[in-house]
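This report concerns only the one structure given below.
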2 protein chains.
Amino acid sequence: MENIQIRLPDGTIKVVQSGSTPSDIALSISEGLLRNSIAAKVNDVLVDLETPMTSDSNVELITSRSEESHEILLHSTAHLMAQAVKDLYPDAKITIGPALKNQFYYDFDLEEILNEESLIRIEERMKEISKSDLKIERQIFSRSDASDLFQSMGEDYKVDIIARIDSNEHISAYRQGDFIDLCRGPHVPSTKKIKHFKLLSVSGAYWRSDEKNKMLKRIYGTSFFDKKELSAYLEMLEEAKKRDHRKLGKELEIFTFDDEIGPGLPLWLPNGAVMVDELENLAKETERNAGYVRVRTPHLTKGELYEKSGHLEHYQKDMYPAMDIDGTKYYVKPMNCPHHHKIYGSKPRSYRNLPVRLAEYGTCYRYEKSGQLFGLMRVRSMQMNDAHIYCTPSQFKDEFLAVCKMYTYYFDIFGIEKFQMRLSVHSEEGLGEKYVNEPELWKQTEAAVREALIFGNIDFVESKGEAAFYGPKIDVQVWSAIGKEFTLATNQVDFAIPARFGLTYTNERGEEETPLCIHRAPLSTHERFIGFLIEHFAGDFPLWISPIQVIILPVSEKYFEYCTSVYQKLFDAGIRVEMDDRNEKVGAKIRDAELKKIPVMLILGEKEQNDGSASVRRRHEGDIGMYKVDDLLNDLVQEIKNKTRRNISNPAL
Amino acid sequence: MENIQIRLPDGTIKVVQSGSTPSDIALSISEGLLRNSIAAKVNDVLVDLETPMTSDSNVELITSRSEESHEILLHSTAHLMAQAVKDLYPDAKITIGPALKNQFYYDFDLEEILNEESLIRIEERMKEISKSDLKIERQIFSRSDASDLFQSMGEDYKVDIIARIDSNEHISAYRQGDFIDLCRGPHVPSTKKIKHFKLLSVSGAYWRSDEKNKMLKRIYGTSFFDKKELSAYLEMLEEAKKRDHRKLGKELEIFTFDDEIGPGLPLWLPNGAVMVDELENLAKETERNAGYVRVRTPHLTKGELYEKSGHLEHYQKDMYPAMDIDGTKYYVKPMNCPHHHKIYGSKPRSYRNLPVRLAEYGTCYRYEKSGQLFGLMRVRSMQMNDAHIYCTPSQFKDEFLAVCKMYTYYFDIFGIEKFQMRLSVHSEEGLGEKYVNEPELWKQTEAAVREALIFGNIDFVESKGEAAFYGPKIDVQVWSAIGKEFTLATNQVDFAIPARFGLTYTNERGEEETPLCIHRAPLSTHERFIGFLIEHFAGDFPLWISPIQVIILPVSEKYFEYCTSVYQKLFDAGIRVEMDDRNEKVGAKIRDAELKKIPVMLILGEKEQNDGSASVRRRHEGDIGMYKVDDLLNDLVQEIKNKTRRNISNPAL
C-alpha cells in the first residue's frame, strides 16, 4: 500500500498508509487526543474522524476546544433527539434539524401534542441512547437508492428533499443504531459524546417556512461538551427570559402592538418615545461633533428611484408592494440611501467640500413574513440611525475608521463590553442576482475594507454571502450584559450606486469623479436598539435614558406643597419627574416605584420639609440618606449629563 | 300698490311701495349713498341694487367699505375681463371666473398664446368698457332657454354647466352690453364702478381641474375700489414675489423636489433640516411645559383602523390607495389620530389621569392632485405638530383655551401680529357624507366651542361647511409681515371617534365615560410653517432658527489658526458656525455671505487676532464694531436662547 504525508497544524509531518483516517492520526499521537477528538479538518474541509485519506493532506483534529466543535455537537444532538422522538413516536416523520448559535432544533410532522412532559420523556430517551454508545456512521447512496430507502421508511419529507438534489450528486446519510438521517455531516463519532444537553421548548413551524404548507412541531434544545457550560447557558436563558424585551416592554409601558394597526408596526408609548428622543439627541450630538449634517426625506417614493438604485432588481422581496398614484408606481422606502444620493446630487460638489456626511433618522419599511416578526427585533417599520458618507477614495480609510470608532464610542456609553465586527463579502454565485454584477469592483472594495480594518487594528471575522447588494458590509455583533448576542450596527461600502445616480465631485484637476459612499447605522434601528437596551439593562436604564428619572413620594398630604415645589425645581431643570400623590402608605408607593424600575425615589415628609431636603432611595442601592434638594439636583444633572451608569441590576455594567 | 316696511341696520323703518329696490332706498337717503352703493343685503341675502322687494325686509346697503363688497367687485371685474377677452378674441369660449381673496381669475378656451402684451391689451379694452358705463343687469331663464341661448353663442362650457343644474331650477345670468354670462350674482350695477384693476398673470388650468380634460388659459387679476389700495396690493405682490418660498427655498438651500422621488414630496436639505429641528425643539419644550407627553406611531396601518375611525368612509379621496400585504389592505396614514386613540386605549384610564395629552411630530400622507401641489404649501407628505388631548367634558373649556393660548405664544415668538380664528361648523346637507351623522352632538359641541371662545374673549369668525368629519374645527389664518394670508394652525373637537374606538375613563363615581378629544396643530406642518417663515422673514430668519448663524471670514490665510480657534469656541457653544477659507478677498466673502442671508459675519485679521476680538457685521445693520470674542459669544447665546428677532428685513418685525 502506498504511503501518504500528513501535515499537522504545528508543522509535523507524519507518513502513514493511504486510507488512514484522522482517528488513526489522533491515536498515533495519544489515546487522550483520540478520546477528545470529535471530527477533523482535512485540507480545510470538516470531515468525520473515520474519513479515509488517500493523498497528502493537512490535518487538524477538532476537539471540544476547537471553534468548529460546538456546531458539530449541536447538530449531532439534533440527530440524537430525532432518534429519540422516532423511538417514542414511531409515526413521526422527520424533516430538518439544523444547528443554531448555542442551540439546535428539529421539525417533526407529528400528530401528538407535545408539552413539557413530552420533552422530559424525549430527553430521558436521549440519555439512554447516549449511554448505549452507538457508533455514528456516514453512508453514501445514489440519489435513487436514497430515495427508495427513505420512501420505504415512510419519510416523505426526506424523499421531497432528495427530489430537489441534483440527480448526479451522491447523497450522504448518517446512521446510529436503527436511526438514519440524510446529512452532509460531519458528526461526533458516537452517541456517548453527547452528554450535556437540555430540550428547551416546542413551537409550531411551517414546512419550508411556507404558510401554505403543513404546520410541523419544532423542538428546540441545547447541548455542550461541558456540564458547567450547559448550566451557565441555561442560567443565562433563565435570566434572558426575565429580561425579554417583549415582557419588560409591556410592563414598563415602552411600546405596544395593536392588531388593528398591524403586526411588526410598533407604537411607542410615552416611556418609549422618551428613550427614542434620548437616543436621537445622543446621535445628533455625536454626529454634529463628527461633521455630519442632517437631512429629512419622505417615506413615499416613485418606483423609478428604486429602479435606478437597483432595489427593485435586488431587494424587491423585502419591499412592500407598490401603490398606483396617478398612473405611477410609488413605494414606501425600504432604505434611505437613494434619497440621500438625490440630496448629494442636488448641487455640484467639489473635492474641497468632501466628505459630505448626510444623517437622518429615517423610518424605513421592509416586508418581513408575519411568522418572522419578533417583538422589536424583527419589525416592519424601523427608524434607523442612518447616514451616508460621500468621500474620495483617498478619504475612505479615515472615514471608515471614524465610523468604527463611533461604534466603540457608543458601546462605551452603553457598557457594551463584548462585540465583534463581521465583514460580509459577496459570493461569486450571487453576482447579478443578489449582488450587482461588478466582480472587479467587489474585489477591490473588499480589499480596501480589509486593509482599513487591519490598519485600524480592528478585530474582525469574515464571512461570505451576507454583503449588501451594492457592496461589502460590516455587521457588528454585540453581547448583552448576560451574554446574549445581538446584531446591531452596520457599516457598508457602496461602490456601485453613486455612479448609477450620476453622483460626482470635481477633483483637484477639475475632472468629475464618482465618490465612494459609506452607509452606516451604529445605533441600528430604534426598534432593535431599544429592544437590546431593555434586555441589556433588564429595564434598569441609566438615569439619562430612563423614561421616568425621579419619583416624589409624599409621606402624607400635608407635604404636598413642599413636594410640588421640589417637583417644579426638578422639572424646570429638565428632569423627568413624577409625583405619586395617591392616598397610599409610603411603603406601597415605594413598591410601585420599584415595579416601574424608577432609578431615584424622593421621600418627603416633615423632616425633609423643615430641612429643604429629600430622603433618597436609589434602585438596587436602597436608602442612601438625606440630601439638600439643591445638592441632589446638581448631582442628578451631572449624572444625566455624563451618562453615568448606576443603579443597574448587573454590577458588571 | 301695496306698501312694505324696510328696516335699516340702524333700526330706522322706511315705508315704501312694494317693488321698490335697494337703490330706491339708497336714493331716498342720499344721492351720495346711491353713488357709493354697489349691492345690498336683503334679509341677510346678498342681492343686486335693482332687486325688487315685495314684502317687509331688513335692508343693508353694501358700499365699498362693507366687508362683502370686495368679493362682488372682484367677481364683477372677472366678468369685465371676460367681456374684453371676447371682444378681442371672438373665438374664445368662456368657462368660469370666480373671485378669490383679493384676486379673481377667469378660464378661457382659447387657441391664441397669451403673453404680457396680450394682458395689456385686454386691460386696455377693460378700461374702455368701464368708461362706457354699461349697465350690469340680471336676467332669469328657464334651464332650456338658458341652454339654447349659450348654445347659440357657441359657449359649449356654459351649456355643459347648465346641463348639470337641476332641471327645475331657474337660471340667472348677467348682461353688460352684448356680453352675457351665467352667474348667481350679485354684481356692481355698472361697469364704471370697476376702475382700479390690474391683470396679473396667465397660466394653464384643466377644465374641471381634471387632467383628462382640455387645458384652458387662466388669467388672474385684481381689482380695488380705491387706487391706493390697488397700488399697495401690487406692491405687496411684488414683495411677495421676491419672498416666494419656492424661490428663496432654492436659493437658501432649504428644500428641493426631485422628479424621481415624486411631486409634493419635499426633500429637506441640511439648512431646512436645521429649521425643522429647531421647530421641533420649540414644540417639545412648549408641550413639555404644557403637560404633553410624546409618542411615536408607524406610517403604515391596516385598513381596519381607518374603517373604524371613519376615514375610509369620509376621507378616502384624500388618502393614498391601499397596498395588499399578506391579503390585508394597508394604508399610509393620512392622520395620526387613530394611532393616538390606540395609545390612549392601550391601558385603563381614570379621571384622575385626565387630561391625557399625546403629542407627535407624525408624518402623514395625503393625496393631492398633482395640479394642486404648490411648493411647501400643498404637499403630499407632511410632518405635523400634532397632538390629541383626551379630557372630560368639565375639562374641555380650559384645555381648549390653553390650546388657543399656545397659538398666540407661538405667534409672539415669530412676530405674527395679525391673525384670525375661523370656526368652521358642519352643514346639515353634509351629514352622513362629509360629516358623521350625529346632528345633536354636532350642535352641542359647536355650542361648547363657541362658548369657550366667547369666555376666552377670543375674536373669531364663523363659517359653514369646513368642519372636520368628526367635529367642529378652528382654522387660524395668519398674515405674514407683508400682509399675505396663510392658513396655519388648526384646533378641532372630536365628539365622535373616541366612542367608536371604545375609549373610556372611569369617572368619580366609578362609571365608564367617553372622553372628548381635541386635535390640534398650532405649528401646522413643517412644510407649510417653514414655507410661511421663509416668506414672512424673506429668508432673514431670527438667529435661533437661522440654518447658518455665524460665518467667519478670515482676512487672509495668515489668520486661519485664530479663525479656527474662534470657530471651535462658537461650535462648542452649540452655534451653527461656518468658515469661509476660500482664497478670496474679504469683500467677495461678505457679498457671498449676504446672498446666503447669514445673520452674523465675523471678520478676523491682524487687529482682531492681537486683541482676541472679532469685527462683527450684522445683516441689515452692517458693521457694528469690534467685540471681544467671549462677550460676543455670550450675546449670541442669549439672543438664541431668547429667540430675539433682529437683523430681519422688515422693521415691523
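Remarks
- Rounded if a/c under 1.5, otherwise prolate or oblate - the stretch A:279-383, Cα gyration tensor axes: oblate
- Here is how far apart the B:Glu67 label points are across copies: 8.0 nm, shortest first, using a point 7 Å from Cα toward Cβ.
- Put in order of Cβ neighbour count within 10 Å, fewest first, the listed residues A:Arg422, B:Arg366 become A:Arg422, B:Arg366.
- Using Cβ point charges alone (K and R +1, D and E -1), the dipole size of the stretch A:69-240 about the Cα centre works out to roughly 480 debye.
- Signed unit charges on C-beta, dipole axis of chain A, positive-most listed residue A:Leu100, A:Val16, A:Ala173: A:Leu100
- Ordering B:Gln420, B:Ala163, B:Trp207 by Cα displacement along the dipole of chain B toward the positive end leaves B:Gln420 in first place; charges were set at the Cβ atoms of Lys, Arg (+1) and Asp, Glu (-1).
- Backbone phi angles across the stretch B:184-194, fed through the Karplus curve with coefficients 6.51, -1.76 and 1.60 (θ = phi - 60°), yield HN-Hα couplings of 7, x, x, 10, 5, x, 8, 5, 6, 6, 9 Hz in residue order; Gly and Pro are listed as x.
- Rounded if a/c under 1.5, otherwise prolate or oblate - the stretch B:3-62, Cα gyration tensor axes: rounded
- Solvent-free Debye scattering, log10 I(q)/I(0), computed from the Cα coordinates of the stretch A:232-306 at q = 0.25 Å⁻¹: -1.07
- Of A:Lys93/A:Lys214; B:Lys214/B:Lys241; B:Lys284/B:Lys405, pairs whose Cα-Cα distance is over 23 Å: B:Lys214/B:Lys241
- Point-charge dipole on Cβ atoms (K/R +1, D/E -1) for the protein assembly as shown, about Cα centre, debye to 20: 1340
- Using the Stokes-Einstein relation with a Kirkwood hydrodynamic radius computed over Cα pairs, the translational diffusion coefficient of chain A at 20 °C and a viscosity of 1.002 mPa s comes to 74 µm²/s.
- B:Thr301, A:Thr392 arranged by Cβ crowding within 10 Å, fewest neighbours leading: A:Thr392, B:Thr301
- Three semi-axes of the equivalent ellipsoid, the stretch A:189-337, Cα gyration tensor, whole Å, largest first: 40, 26, 19
- The stretch A:38-90 versus the stretch B:367-420: alpha-carbon centroid distance in Å: 67
- With both residues required to sit in the stretch A:543-641, DSSP beta bridges show an antiparallel share near 55%.
- Backbone phi angles across the stretch A:31-37, fed through the Karplus curve with coefficients 6.51, -1.76 and 1.60 (θ = phi - 60°), yield HN-Hα couplings of 5, x, 5, 4, 4, 7, 7 Hz in residue order; Gly and Pro are listed as x.
- Neighbour net charge for A:Val555 - beta-carbon separation under 12 angstrom, K R +1, D E -1: -2
- Here B:Asp160 yields copy-to-copy label distances, from shortest upward, of 6.0 nm, the label point defined as 7 Å from Cα along Cα to C-beta.
- The alpha carbon gyration tensor of the stretch B:255-533 gives principal lengths a ≥ b ≥ c with a/c below 1.5, which makes the shape rounded.
- Its Cα gyration tensor gives the stretch A:543-641 an equivalent ellipsoid, and the semi-axes of that ellipsoid, as √(5λ) in whole Å with the largest first, are 18, 16, 12.
- Translational D in µm²/s for the stretch B:69-240 (Stokes-Einstein at 4 °C, 1.567 mPa s, Kirkwood Rh from C-alpha pairs): 79
- Extents of the stretch A:371-518, taken as max minus min of Cα coordinates on every principal axis and listed largest first, are 54, 34, 27 Å.
- Neighbours of A:Ala359, meaning other residues whose beta-carbon lies under 13 angstrom from its beta-carbon, give a summed charge of 0 when Lys and Arg score +1 and Asp and Glu score -1.
- Within the same chain, lysines fewer than 8 places from B:Lys247 are excluded, and of the rest, those with a Cα less than 17 Å from its Cα are A:Lys347, B:Lys484, B:Lys596, B:Lys597.
- Charge dipole of chain A (Cα centre as origin; +1 on each Lys and Arg Cβ, -1 on each Asp and Glu Cβ, all else neutral): 780 debye, rounded to the nearest 20.
- Unit charges at the beta carbon, dipole of the stretch B:543-641: most positive-side option, B:His620, B:Leu632, B:Pro554: B:His620
- Take the Kirkwood radius over Cα pairs of the protein assembly as shown, plug it into Stokes-Einstein at 20 °C and 1.002 mPa s, and you get 58 µm²/s for translational diffusion.
- For A:Ala39, distant residues with modelled amide H under 5 Å away: A:Ile62
- Label point 7 Å beyond Cα along the C-beta direction, distances from B:Glu253 to other copies (nm, shortest first): 4.5
- Proxy reagent accessibility, fewest Cβ within 10 Å first, across B:Val449, B:Val202: B:Val202, B:Val449
- Averaging over all projection directions, the Cα-based convex hull of the stretch B:371-443 occupies 8.0 nm² in the image plane.
- Only helices enter the 222 nm calculation for the protein assembly as shown: every DSSP H run of n ≥ 4 contributes -39,500 (n - 2.57), and dividing by all residues gives -10500 deg cm²/dmol, rounded to 500.
Coordinate-derived values only; no laboratory data. On a predicted model such as this, the values are computed, not experimentally measured, just so you know. Because the Cβ atoms are built from the backbone with ideal geometry, glycine has one as well, and the counts that use them run over all protein chains shown.
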